[in-house]
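> Here you go, one structure.
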Amino acid sequence: MPTLKCDVVVVGAGPAGSMTARYAAMHGCDTILIEKRQEIGSPVRCGEGLARHFVEDTKLPYDRKWVAQEVKGAKIFSPNGTELTIEESHAGNEVGIVLERDAFDKAVAKEAAKAGAKIMLKTTATAVLKDDGRVRGVRVKQLEEEFNIEAKCVVAADGYESQVGRWAGFRTLLKAGDVTGTLQYRMTNIGKGHDFPNYCEFWLGTIAPAGYIWVFPKDEVTANVGIGISLDRLHNRQDIKGYLERWIAKDPRMEHAQPLDMVTGGVSTCAPIKKTVGNGIALVGDAARMIDPITGGGIGNGMTAGMFLGKILGECKEKDDFSEAALQAYEKAWRAKMEENLYRNWLAKNKLVTLTDKDFDDVVKTLAEVGVTKLSVRAILKVIKDTNPVLVAKFAEFI
Ligand code: FAD
């Protein structure tokens, strides 16, 4: 195949990449979206929790087809079983809708296509094309054929394992303490209890060292039951399975439950990276380490940043300037929206991983008694400030 030419080539058709392609195409860029897999959205490697406002913020047409379950909020469980209920509007970025992620990713890509983006499946970026210190496109492999896609801007939206940014010289490597290893079963035949399936559940403590266990309901009897554990707490990555299975064995609702599928994967829990734009290149979503370091959720931030990036690529096209200086507008926009929160949550995560089971019991009990209404680090610490000064002293700088 001869070299293809376009304004913008987006590598990766996850929510961040498809949203970028959609807004770039809407704003006048000749856009190609490439995806290495044969089907967008599949296989799913996600707990599938998303706050509703991200759908509204990014103007994604709502469609029941990608909604598995709408929940009323979150339930947090401390190690001794103390329960805290938080209503949906205050329950954070992963609570509201439990998605059918494969259909959801396709829906975002559909909007990109509707806006005029060209989608190429089974097309893997294998290198970035560079010339005179700027990125000029990507080398791709489609089935057995190799060719170049020349572009005025390359968007690295290639997810957690991103290589495109690294090939272009960005520093995206992670320390073990800033990576959470995950394993999730989609369990069915789950019994009643804890108001299932109306709430997304988060289980804290040494059952999941420096992480948590989640139960995100998909329907009356089915849920994504997963665990995240910081890699620096695991002697062996295989141990993660044992942690989750021990928890499942103890939950009476799971007595007759059976798995429908199993997925593993990593999520970054790092501080925001220093730089996400260069001459002719921008990073977005997991590739830009935009995941919330406490929850491990990244769909919403990726879509929001993708929307910002797509619009700014439209401005770059008008000025015919895709230089690092021109792309700074994107760097500024996403940082203004989420950087402070990402950084604060990264600092808080580093403290949270030091809490004991007793600490978690005390915190959740206090919050349940006082009736905290908002699931944010600052709001929670304010509530426990008076009731547990010793514990809250560890977090003094956040209050
Ligand atoms: P991705 O969705 O990873 O998309 C990247 C795309 O790029 C993929 O389709 C991939 O095939 C493609 N690609 C990669 N390399 C290339 C290449 N060289 N050429 C072409 N294509 C390429 N987040 C939440 O918000 N809520 C949750 O409940 C939640 N649960 C999670 C549970 C687990 C077990 C895991 C692992 C993650 C979870 N996350 C959750 C995180 C969430 O999945 C990611 O933040 C989100 O998918 C990021 O979107 P993205 O578009 O940046 O990347």
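Every number here is computed from the coordinates shown, using simple stated rules; none is lab data. This structure is a prediction, so every number in the text was calculated from the model and none was measured. Cβ atoms come from the backbone with ideal geometry, glycine included; neighbour counts cover every protein chain shown.
> By a straight-distance test (C-alpha under 22 Å), which lysines pair with K218 as possible cross-link partners, with residues fewer than eight away in the same chain excluded?
Correct list for K218: K65, K72, K75, K106, K192, K241, K250.
> Once amide H atoms are built 1.01 Å from N in the peptide plane, which residues 5 or more positions from K218, or in another chain, come under 5 Å H to H?
Result for K218 returns A223, N224.
> On to the next question. Before rounding to the nearest 500, sum -39500 (n - 2.57) across all DSSP H runs of length at least 4 in the chain and divide by the residue total; then give [θ] at 222 nm in deg cm²/dmol. Can you show the working numbers first?
Numbers: 11 runs with 124 residues, N = 399.
For the chain, the value works out to -9500 deg cm²/dmol.
> Continuing with the same structure: Starting from the Cα of K274, draw a straight line to each of the aspartates and glutamates and keep only those under 19 Å, dropping any in the same chain fewer than 8 residues away.
Leaving aside aspartates and glutamates fewer than 8 places away in the same chain, those within reach of K274 are D158, E161, D178, D286, D292, E324, E331, E339, E340.
> Can you find, among G14, F77, A127, the residue farthest towards the positive end of the dipole of the chain? Put +1 on the C-beta of Lys and Arg, -1 on that of Asp and Glu.
Farthest towards the positive pole: A127.
> What three numbers, in Å, describe the spread of the alpha carbons of the chain along their principal axes, ordered from the longest?
63, 45, 40
> Please sort by residue number the trypsin sites (Lys or Arg not before Pro) in region 261-305 whose DSSP state is loop and whose Cβ has at most 12 other Cβ atoms within 10 Å. Please list the in-between numbers first.
On the way: sites: K274, K275, R289; in loops: K274, K275, R289.
Here the sparse-neighbourhood loop sites are K274.
> Continuing with this model, one more query. Can you pull the Rg over Rh of region 1-128, Cα-only, Kirkwood?
Values: Rg = 17.6 Å, Rh = 16.2 Å.
Answer for region 1-128: 1.09.
> Which pairs, out of K311/K332; K110/K337; K118/K311; K175/K349, put more than 23 Å between their alpha-carbon atoms? Present the calculation step by step, with values, prior to reporting the outcome.
Numbers: K311/K332 13 Å; K110/K337 26 Å; K118/K311 17 Å; K175/K349 14 Å.
Those over the limit are K110/K337.
> Within 13 Å, Cβ to Cβ, of E245, how many net charges do the neighbouring residues add up to if Lys/Arg are +1 and Asp/Glu are -1? Walk me through the intermediate numbers first.
Working: positive: K241, R246, K250; negative: D239, D251.
The answer is +1.
> Still on this structure, I have one more. Using the Cβ atoms and a cut-off under 14 Å, what net charge is assigned to the surroundings of Y62, where Lys and Arg are +1 and Asp and Glu are -1? All intermediate terms of the calculation are to be shown ahead of the outcome.
On the way: positive: R52, K59, R64, K65, K110; negative: E56, D57, D63, E70, E100, E111.
Net charge in that neighbourhood comes out at -1.
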